[in-house]
Each structure stands twice: as C-alpha cells, then as structure tokens.
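To keep things clear, I will list the structure first and then write my remarks on it.
The values are calculated or read from the model by the stated rules, or taken from the named source; none is laboratory data. Since the model is a prediction, treat every value here as computed from it, not as a measurement. Note that we place each Cβ from the backbone using ideal geometry, even for glycine, and neighbour counts take in every protein chain shown.
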Amino acid sequence: MKSIISIFLCFILLASCGTLSRKQDHDNHQAHQEHRNHDRHAAQMAGREAQKPKLVVGIVVDQMRYDYLTRFAARYSEGGFKRLMNDGFNCSNNHYDYVPTYTAPGHASIYTGTSPMNNGIIGNNWFDKYENKVIYNAGDDNVNSVGTLSKDGKMSPRRMLTTTVTDELELHTQGRAKVIGVSIKDRGAILPAGHAADAAYWYRGSEEGTFISSTFYMEQLPQWVSDYNASNPSQKYMKEWNTLHPLSSYTASGSDLNEYEKPPRGKQTATFPYDLPALQEKNGGFNLLKGTPYGNSIVADFAIAALKNEQMGMDAIPDFLAVSFSSTDYVGHQYGVNSVELEDTYLRLDLEIERLLIALDSQVGDGNYTVFLTADHGAVNNPAYLQSQGINAGYFDDNELLTYLKARLKKDLGNDTYIKNISNSQIFLDYEKLDAAKLEAVYVQNYLAQILTNYRQIDKVFTREALTHSNFTTGVGALIQNGFHHKRSGDVVFVLEPGVIDYPKTGSTHGSSQSYDTHVPLLFYGAGINQGKTVERTHIIDIAPTVSSLLGISFPNGATGNPIVEVLK
Ligand code: ZN
Ligand code: ZN
Ligand code: ZN
C-alpha cells in the first residue's frame with residue numbers, strides 16, 4: 001500500500017509541478033526509489049522467512065569425481081544433475097582436506113562438519129589398539145539386526161565421536177524432526193543419519209534384496225518397510241544391463257573391451273550386455289545388483305517410499321532425508337574411472353535423481369525443500385591405463401612392505417614383532433614389546449620413517465611425534481594431520497606417489513590425498529539457496545555448517561568448517 005501511495009504522490013507532484021528543477025525531480029525520484037527499496041527489503045525479509053526448508057535432502061554419490069559432472073554433461077537430462085547445477089549453486093572447486101579418502105570418513109565428515117581428527121572415523125576399517133583387533137567403522141556387537149536373520153544389521157554410529165547436522169536438527173526440534181538415512185551401504189545410511197536419527201535403512205543383498213536396520217534405531221521395521229520388503233522390490237531389477245544409448249555413442253569413455261576392467265564371476269569379458277539373471281548365482285544373489293546402476297534405482301525407489309510413507313516435509317518442522325548412492329562406487333571399483341560401464345551408470349543415476357526431484361516437487365513443492373549433492377571421495381584412473389598414456393602411476397603392496405620392514409627390524413633391532421598392524425597407510429607399533437625391549441617409541445618411529453622414505457613408491461612419511469607436536473597448515477602434512485586421530489591412529493603414516501595404489505590391476509580405487517581423490521562435486525539447490533557458481537576452493541567440512549546456518553540450528557559439536565557465504569540467500 002505504501003508504494004502505491006508514494007507512486008500516486010510522485011505522479012501528482014510531477015504532474016502539477018511541471019517546472020520542477022532537475023534537482024527536485026531527482027530528489028523525488030530518490031525518495032520514491034527509497035520507498036521501493038524499503039518495500040523490496042521487506043519482501044526479501046518475508047521471503048527469507050519462507051526460505052527455510054521444510055525438508056533437507058542430502059545426496060552423497062559414492063566415488064563421484066567432480067569431472068563426472070562435466071565429462072558426461074552432454075547427455076545429462078535437464079531435470080537431474082543439470083537442474084541442481086543450473087538452478088542451484090555449484091561449488092566447482094570443492095575438496096576433502098584429509099586422508100584417507102574412504103567411504104566412512106567421507107560420510108562422517110560431510111555430516112559432522114569436521115575431519116577424522118575430531119569425528120574419529122579414521123577409515124572404513126582400522127586397527128583398534130584398545131580392542132587389539134581390526135574393527136569396522138559401524139560394527140556394533142551390542143545391537144541386533146532388524147529385518148534380517150543375518151548379522152548385517154549389527155551396526156550403529158557409536159564410533160563416530162561428534163554430532164552430525166542431523167543430530168543437531170533432532171536436538172533443536174526436541175526430536176520432532178524426522179531424520180532418515182537410506183543407502184545400499186550400511187555406513188552410507190548410518191553415519192549421515194547420525195546418533196539421534198529416527199531410522200537408517202541399508203540394503204541386504206544375498207537371497208533377500210530388502211532394506212534392513214538395527215535395534216540401535218528400532219525394535220522392528222515400520223509396517224510400510226515390511227510391506228515394501230514383502231513386495232520383493234529387487235526382483236524387477238534382476239534383468240539385462242545394457243547401455244542406455246547405442247554403445248558406439250559412449251565417446252566420453254574408453255572402449256568397452258579393454259584390459260583394465262574386471263568381469264563379474266561367470267563372464268569372460270567386462271562387456272555389454274550383462275545378463276544379470278544368469279550371473280546372479282555366482283555373484284551373491286542380489287548382491288550382484290549393488291555393482292550395477294540398478295542398485296541406485298533400488299535406493300531411489302526406497303527413498304521415495306520413505307518420503308511418502310513418513311510424510312516428510314509436510315509440516316512446519318523441518319525433516320532430513322539423507323540418501324547415499326553406493327552403486328557408483330562398486331561400478332568404479334570393478335570397471336574403473338574410464339569405463340563405459342561407469343558412464344552408463346552416471347547417465348542412469350542422472351535419471352534417478354530427476355525422479356527423486358520430481359517426487360519432492362509433488363510432495364513438498366519446489367522452493368520448499370533444499371538439496372545438497374556431494375561425494376564421499378573421488379577415484380584414481382586405473383594406473384595401468386595411466387601408464388599406457390605415459391603418466392607415472394603404479395601398484396603398491398602393503399604385505400611386501402610389511403615383510404621388508406620385519407626383515408629390517410630383525411636385522412637392525414633384533415626383533416621382527418614390533419609392528420602390530422599396517423592399515424590405511426599407517427603403521428601401528430606394539431608398545432608392550434617396545435617397553436619390554438626398553439626401546440623409545442619415538443626412536444622406533446624415526447627409524448621406520450627413515451626406512452620408509454627410501455622405500456620405492458613412498459613419497460612422504462610422517463611420525464606420530466611430528467603429527468602431535470607440530471601444526472601443519474598446508475600441503476599433504478595438513479591433510480595427514482586432519483585425518484589423524486590422536487588416540488585411534490597409528491605411529492607412522494606414509495604417503496604413496498601420485499597414481500600409485502595398493503589395489504588389483506583392474507578397476508579403480510581411492511584413499512589418497514591427491515586431487516583425483518579429494519576433488520568432488522558440491523551442489524546446493526532449492527529453499528534459501530542462491531543461484532550461482534564459484535571456483536573458489538570450498539571444503540567438505542563446510543557443508544554441515546552451511547546447512548546448519550540455513551536451518552538456524554547449532555553447528556555439529558565438533559564442526560571446524562564454516563558456512564559457504566555465497567551459497568546462502
Ligand atoms: Zn565411498
Ligand atoms: Zn567394459
Ligand atoms: Zn570405494
């Protein structure tokens with residue numbers, strides 16, 4: 001109303017005073033403009049209130065390198081990745097800033113807003129000094145499976161030491177927010193959903209092909225999940241996997257038949273088409289689907305079912321759906337970064353993301369929900385393929401290293417049992433044996449560091465002593481330190497040369513501090529999000545603080561990242 005009156009007054013003034021000086025004319029216009037600015041500001045403030053999402057959907061694409069957004073862009077639909085990129089905000093220089101870049105630390109860091117040095121998830125598996133055995137990040141013997149007689153449900157987030165953005169949403173809303181995690185992988189559902197979640201569901205392959213959970217969350221599956229599982233939801237995907245487009249049109253990848261890919265058991269070559277029903281028996285029943293694009297379809301189906309059955313994003317209290325697509329990782333490991341199989345998996349995932357967005361539009365409404373999409377790590381191109389292109393790369397064997405170190409220890413220190421374990425490029429020493437031999441741990445660390453530095457394909461070495469007594473601010477040292485948990489991590493950490501992996505000769509893997517493993521997509525879209533793009537470096541640990549700011553809730557309790565200012569309205 002104010003602006004109508006002011007326009008009216010302006011008009012009268014201008015009409016009745018034809019002799020107004022230019023200066024007065026300018027002043028009147030300025031007053032008018034100020035009114036308009038004031039009104040626009042008020043509208044923006046009102047808009048900002050309405051910009052708070054009713055639902056946040058976090059999407060993690062397992063093993064998605066940033067360049068998959070660009071390499072396959074020509075054939076992405078308008079409604080999937082491109083909708084998020086073009087209508088949302090693209091942080092195109094987003095990185096992990098720790099090692100090791102694996103699935104469990106990745107998911108934990110996205111949602112806790114801090115790195116393994118604080119959240120404690122230092123690997124998928126690691127040697128636990130206190131339990132004196134190798135443990136799994138989400139394994140928990142104190143809980144039981146729900147929805148399966150197998151042990152696949154004996155899982156919880158208890159080893160993750162700090163809170164997640166999803167935990168903070170639950171605390172902020174007195175538990176009224178609905179928080180659900182969904183993935184093929186248990187850790188892909190459990191770590192994002194956090195400790196205070198309503199539920200996390202993950203896939204049980206084998207003969208079941210269903211979604212399961214753990215008594216950490218519930219005593220039994222909700223009726224809709226039981227009904228969903230009873231409908232035999234995986235069977236329809238046990239069909240042929242052929243390329244979405246003619247094979248010859250996959251020019252963004254190498255040829256389908258090459259020496260860098262591993263065929264499934266029971267198939268001679270890693271080439272299309274894949275007759276899944278025929279391969280099922282030799283490849284663990286429904287587990288076979290995990291390594292095909294259909295694993296992503298199964299997750300999208302279940303995420304959409306959760307959205308509907310749990311009425312997510314339908315009331316004033318924000319909800320959080322954390323979805324992790326794992327099949328991209330299985331496909332990447334088996335066929336590699338440069339394979340047609342991988343390209344086809346991304347073209348199909350794009351369509352699943354489009355389907356998920358359409359479901360969100362129809363239930364929650366475009367503009368009422370916020371999506372972010374990122375990855376838990378990237379991947380290296382197959383080293384044998386890189387070598388064929390003249391690029392330095394290669395293969396490393398931890399077991400060979402251990403044999404060599406034992407021989408050196410025997411020769412130099414008279415005992416070959418001082419090393420308890422080598423895992424995630426870390427050496428764990430046996431402190432009891434060192435004490436018994438009256439050997440200083442620091443002495444042995446430095447002794448091993450010197451040997452390792454001269455070992456082929458090892459690039460750099462850091463000792464516990466160095467990592468606990470100095471502060472690395474840049475380079476690989478900083479990444480090692482961010483991934484180093486003072487209690488849980490080992491005593492000597494080594495870094496392999498670029499392109500060198502401890503892995504078989506087919507397929508791709510990840511885990512390093514190199515950019516192929518650290519550079520991943522980060523897209524934001526929807527309520528409260530600006531449209532735009534930045535090539536400024538952003539960090540994985542910034543995601544949770546950004547989403548916390550958007551929701552107006554506390555940051556996760558160990559958060560060390562910061563909100564990405566340009567992203568938020
Ligand atoms: Zn992963
Ligand atoms: Zn192939
Ligand atoms: Zn992986």
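Against the definition (within 16 Å of ligand 2 (Cβ to nearest atom), surrounded by fewer than 16 Cβ atoms within 10 Å (Cβ to Cβ), free of Cβ contacts under 8 Å to residues at least 40 places away in the same chain and not hydrophobic (A, V, I, L, M, F, W, C)), how does S248 come out, yes or no? Give the steps one after another, and end with the answer.
On the way: within 16 Å of ligand 2 (Cβ to nearest atom): yes; surrounded by fewer than 16 Cβ atoms within 10 Å (Cβ to Cβ): yes; free of Cβ contacts under 8 Å to residues at least 40 places away in the same chain: yes; not hydrophobic (A, V, I, L, M, F, W, C): yes.
Considered against the rule, which asks whether it is within 16 Å of ligand 2 (Cβ to nearest atom), surrounded by fewer than 16 Cβ atoms within 10 Å (Cβ to Cβ), free of Cβ contacts under 8 Å to residues at least 40 places away in the same chain and not hydrophobic (A, V, I, L, M, F, W, C), S248 comes out as yes.
For segment 335-351, what are the residues that are acidic (D, E) and under 20 Å from P273 (Cβ atoms)?
Restricting attention to segment 335-351, the residues satisfying the condition of being acidic (D, E) are 341, 343-344, 350.
Across segment 335-351, the qualifying residues are E341, E343, D344.
I'd like to check which strands (runs of 3 or more DSSP E) are fully inside segment 420-503 and have at least 1 residues that are among the basic types (K, R).
Working: elements: 426-429, 458-463, 492-496.
Answer list for segment 420-503: 458-463.
Consider M117 carefully, then state whether it is in a loop (DSSP other than H, G, I, E, B) and either in the same structural domain as N562 (by TED's automatic domain parsing) or touching a residue at least 60 places away in the same chain (Cβ under 8 Å) (or both).
Numbers: in a loop (DSSP other than H, G, I, E, B): no; either in the same structural domain as N562 (by TED's automatic domain parsing) or touching a residue at least 60 places away in the same chain (Cβ under 8 Å) (or both): yes.
Criteria not met by M117.
Taking the condition buried (at least 16 other Cβ atoms within 10 Å of the Cβ) and within 16 Å of ligand 3 (Cβ to nearest atom), does G254 pass? Before you say what the answer is, go through the steps one by one.
Values: buried (at least 16 other Cβ atoms within 10 Å of the Cβ): yes; within 16 Å of ligand 3 (Cβ to nearest atom): no.
Criteria not met by G254.
For segment 222-229, state whether one or more residues are more than 30 Å from T166 (Cα to Cα) and either within 16 Å of ligand 3 (Cβ to nearest atom) or over 28 Å from the mean Cα position of the chain (by Cα) (or both). Working first, answer last.
Within segment 222-229, the first condition is being more than 30 Å from T166 (Cα to Cα), and the residues that meet it are none.
There is no residue in segment 222-229 that is more than 30 Å from T166 (Cα to Cα) and either within 16 Å of ligand 3 (Cβ to nearest atom) or over 28 Å from the mean Cα position of the chain (by Cα) (or both).
Just one of Q445, Q450, Q389 is in contact with a Ser or Thr (Cβ under 6 Å, 6 or more places away or on another chain) and farther than 30 Å from L568 by Cα; which is it?
One residue alone meets the criteria, Q445.
Give the residues of segment 332-353 that are within 16 Å of ligand 3 (Cβ to nearest atom) and hydrophobic (A, V, I, L, M, F, W, C), sorted by residue number.
The answer is V337, L342, L349.
Pick out, from segment 261-332, the helices (runs of 4 or more DSSP H) lying fully within it that include 3 or more residues that are more than 16 Å from ligand 2 (Cβ to nearest atom) and free of Cβ contacts under 8 Å to residues at least 60 places away in the same chain.
Values: elements: 276-279, 287-290, 294-309.
So the answer is 294-309.
Need pairs with beta-carbon distance below 8 Å; first residue of a type in the set (D, E) and within segment 195-206, second assigned to a loop (DSSP other than H, G, I, E, B); sequence gap 6+ or separate chains.
D198/K178; D198/Y217; D198/E310
Residues E310, E240, E261: which one is acidic (D, E), modelled with pLDDT of 95 or more and over 30 Å from I358 (Cβ atoms)? First the steps, then the outcome.
Working: E310 fails: over 30 Å from I358 (Cβ atoms); E240 fails: over 30 Å from I358 (Cβ atoms).
None of the other options fit; the residue is E261.
Test of understanding: among T166, T210, which residue is farther than 26 Å from Y237 by Cβ and crowded, with 24+ Cβ neighbours inside 10 Å?
Working: T210 fails: farther than 26 Å from Y237 by Cβ.
Matching residue, one of T166, T210: T166.
Which residue out of N142, N125, N137 is farther than 27 Å from T101 by Cβ, modelled with pLDDT of 95 or more, assigned by TED's automatic domain parsing to the domain that holds S548 and not basic (K, R)? Please lay out each step first, then the result.
Details: N125 fails: farther than 27 Å from T101 by Cβ; N137 fails: farther than 27 Å from T101 by Cβ.
Unique residue meeting the criteria: N142.
Looking only at residues in segment 59-91 that are part of a loop (DSSP other than H, G, I, E, B), more than 15 Å from the chain's Cα centre (by Cα) and in contact (Cβ under 8 Å) with a residue 12 or more places away in the chain, which one is nearest to ligand 2 (Cβ to nearest atom)? Give the steps one after another, and end with the answer.
Applying the first criterion (part of a loop (DSSP other than H, G, I, E, B)) to segment 59-91 yields 62-66, 72, 76-80, 88.
Restricting the remaining residues to those that are more than 15 Å from the chain's Cα centre (by Cα) gives 72, 76-80, 88.
Now restrict to residues that are in contact (Cβ under 8 Å) with a residue 12 or more places away in the chain: 72, 76-77, 79-80, 88.
Values: F72: 16, Y76: 21, S77: 24, G79: 28, G80: 23, G88: 33 Å.
Once the filter is applied, the top-ranked residue is F72.
L149 versus (1) touching a Phe, Trp or Tyr at 6+ places or on another chain (Cβ under 7 Å); (2) within 30 Å of D275 (Cα to Cα); (3) not hydroxyl-bearing (S, T, Y): which is the lone unmet condition?
(1)
Is it the case, given these coordinates, that V323 is within 16 Å of ligand 1 (Cβ to nearest atom), closer than 15 Å to Y250 by Cα and assigned by TED's automatic domain parsing to the domain that holds T269?
Numbers: within 16 Å of ligand 1 (Cβ to nearest atom): yes; closer than 15 Å to Y250 by Cα: no; assigned by TED's automatic domain parsing to the domain that holds T269: yes.
In short, no.
Given the conditions (1) more than 14 Å from T112 (Cβ to Cβ); (2) touching a residue at least 60 places away in the same chain (Cβ under 8 Å); (3) in contact with a Gly (Cβ under 9 Å, 6 or more places away or on another chain), which single one is not true for T166?
The number of the failed condition is (1).
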